[in-house]
1. What length, rounded to one decimal in nm, is gained on full extension from Ala447 through to Thr370, with 0.36 nm per residue of separation minus their alpha-carbon distance?
2. Sort 100-109, 610-619, 238-247 for me by packing, meaning the mean count of neighbouring Cβ atoms within 10 Å per residue, highest on top.
3. Compute the Rg/Rh shape ratio of region 195-267: radius of gyration over Kirkwood radius, all on alpha-carbon atoms.
4. So what is the 222 nm mean residue ellipticity for the chain from helices alone, if each DSSP H run of at least 4 adds -39500 (n - 2.57) and you divide by all residues, rounding to the nearest 500 deg cm²/dmol?
5. Please label the shape of region 454-538 as rounded, prolate or oblate, based on the square roots a ≥ b ≥ c of the eigenvalues of the alpha-carbon gyration tensor (a/c under 1.5 means rounded; beyond that, a/b larger than b/c means prolate, else oblate).
6. Can you pick out the pairs among Lys133/Lys482; Lys133/Lys442; Lys230/Lys303 whose Cα atoms lie more than 27 Å from each other?
7. Expressed as a rounded percentage, what relative contact order does region 454-538 have, with Cα pairs under 8 Å and six or more residues apart?
8. What does DSSP give for the chain in terms of the percent of beta bridges that are antiparallel, rounded to the nearest 5?
Amino acid sequence: MTEAFKTNQGHGGETHQQAQGDAAVLTTNHGVPIFDNQNSLKSGARGPTLLEDFVLREKIFHFDHERIPERIVHARGSGAHGVFEATDDISDLSRAAVFTKGAKTEVFVRFSTVAGGAGSVDTPRDVRGFAVKFYTREGNWDLVGNNIPVFFIQDALKFPDLVHSVKMEADRAYPQAGSAHDTFWDWASLMPETTHMLMWAMSDRTLPRSFRMMEGFGVHTFKLVNAQGKASFVKFHWKPRLGLQSTIWDEALKLQAADNDYQRRDLWEAIDTGDFPQWDLGIQVFDEAFAEAQPYDVLDATKLIPEDDVPVRIIGTLTLNRNPDNFFAETEQVAFLPSNIVPGIDFSNDPLLQGRLFSYLDTQNSRLGTTNFHQIPINAPRCPFGNFQRDGKMQTQVPKGRANYEPNSLAAHGEEGGPRESAERGFVTTNAATGPDEQGEKLRVRAELFADHYSQARLFYRSQDAHEQAHIASSFVFELSKVGLLDQVPPRMVGNLRNVDEELAKRVADGLGIDLPERNDAAREPVDMDPSDALSIHKNMKATLEGRAVGILIADGSDAGEIDALVAAVESAKGKAVLVAPKVGGAKLSDGSVRKADGQLAGSPSQIFDAVAIVLGEEGCKALLKEGAAVQFVMDAFGHLKAIGASAAARPLLDKAGVEPDGGVTDLGGFVDAAKHRYYDREPKVRTLA
Ligand code: HDD
């Protein structure tokens, strides 16, 4: 066999050396240079492969073990590096170095869906994880939160039941990434404490337009502790600089078909183009007297503290400014631990939080295969760290000397004695007496106010505008309509909803076509709380094109001047202009020039854009009237309540798509301002909601 024959395989005629350029020499994992990476070692050209081929064996051996167990929840995620800057002095509240005004701390953030597997889609109706690892100079602090400020359950003991019920069903292994199925609603309808979280989950909060446009919450009550050891209670909030924005259900469903990676791509591309996502970190601080005066228990993770009662104080800014270099090494191997805490912050007795303190440490051992997972670069503290823990699988540190126990007097003998505890710098657990943290008998019980399952669900529903309420009612109808156990589960769920709001319960019963069931007994009668604007998405959206994408549909005969003016206007409003044409190679414009497209019409449906403009001449419009994808492009933009701008000649396409005039349907001149909004008033024209 000639040398050329061996090296040409798989390179379409280009030699192996040409394809590689001046690359470093390929070696085995043990450093032995490799002569041939194309052919296994055989006994003769057509003979059996030899066991002796250590190059082949090592390569296949390693490949066979490339996957690690995916996270039992939050398996699908996207990560990014960034920095947190403390912008306010809260030294009276916390001694944490991360909060020293002006301090900059490196962070790694991972956003995720909860129920689906690692390869599932980005846009199911699901809670989003919002986990932040702060590499502070006093150790790692992990704030492992969600985009919803409350949780399904009050006690960690119920977490396996929650997760088993919502994940794909045990025998049939479907549905993937969705709660619209029997076991979830069977369980949830039997667990009234889930009701408040269900209101959030059925709202558009679980359909975020982008990770960049959702809030984050630490959920639990934590403590801040100052240098004098004084503790205050605190809730953490992340507020997105781009404002809140969600999609609507039909749009989210169609996004699953259009782009499985919609949110992962959105985050990556924003960072890649220097459009760094930012959030402000806010705190709600309160004391024991406040806690005791509330009609809910601040240790109950199914309850929030209305912002109207305790305003959110902004104390810092998170900026994500660097994409991971390697998805597996960083985003997959990152291990978040609610038990990662630093001096100046402390846990409360929230029983859900207490259970989490164990679970996350434990899970890393099965996921990453070793108790030394903290040595993986993405998990390792950026400050010096050391102790007398030794050995274990995948130990990468090489501690010198004999000091692997403490106390020791090795230093007196001239040997290295190792690190020691520090009364000044060490983490001190706050005295349990500072807070409503009761201690006493060993009891399997819940505190009294935990029995109020409905007051805050009602607060949430009544804080939404009419469109948002219709979305919630319709989501309940959609989800419950997927339940096969029709006789028992939907009536039970609607019986719970009667404790939230009678009108909501009626709408859901009507939508399902069932009789209104009896109201279920409430363990504790709900109380009315004052509605809070902070709980509504619509009241917290921003009229802006920043971070948003505009799809501009062009075709042969489109006017170059109109296109250029529109692109310039979108970009000067900080939006992203994306040209879509029937052929990706481009369209031949009326002036004879060819304009290359960013996307082909068939693969760039309007759901991937926040607003669309149709820039066509007569000839192009005529051709597109016969293109289903073009008609659908406009029809969906209208149905998804987006602004539609059109050139005069494009009107027939709008008519064919059933577009009716409203404030969101404009000529090209008025389009950019219109594109900063969604048109929820249009919705009754395009669909019947519950
Ligand atoms: Fe959890 C992962 C958020 C309750 C057990 N959880 C995980 C992640 C987030 C949350 C964002 C993904 C972290 C990442 O990106 O790697 N979890 C929450 C929130 C909760 C919550 C906001 C309630 C307030 N979780 C919770 C309980 C338990 C767990 C009560 C167990 C008793 N969660 C886990 C876990 C995971 C996890 C099984 C899977 C992978 C991992 O931890 O590292 O241990």
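1. In short, 24.0 nm is gained.
2. Packing order, densest peptide first, comes out as 610-619, 238-247, 100-109.
3. Using Cα coordinates only, the ratio equals 1.15.
4. Mean residue ellipticity, 222 nm, calculated: -7500 deg cm²/dmol.
5. Oblate is the answer for region 454-538, as a/c is 1.5 or above yet b/c matches or exceeds a/b.
6. Lys133/Lys482; Lys133/Lys442
7. 46 percent
8. 75 percent
Just so you know, all these numbers are worked out from the coordinates, no wet-lab data involved. Keep in mind it's a predicted model, so treat the numbers as computed, not measured. As a convention, Cβ positions derive from the backbone with ideal geometry for all residues, glycine included, and neighbour counts pool all protein chains shown.
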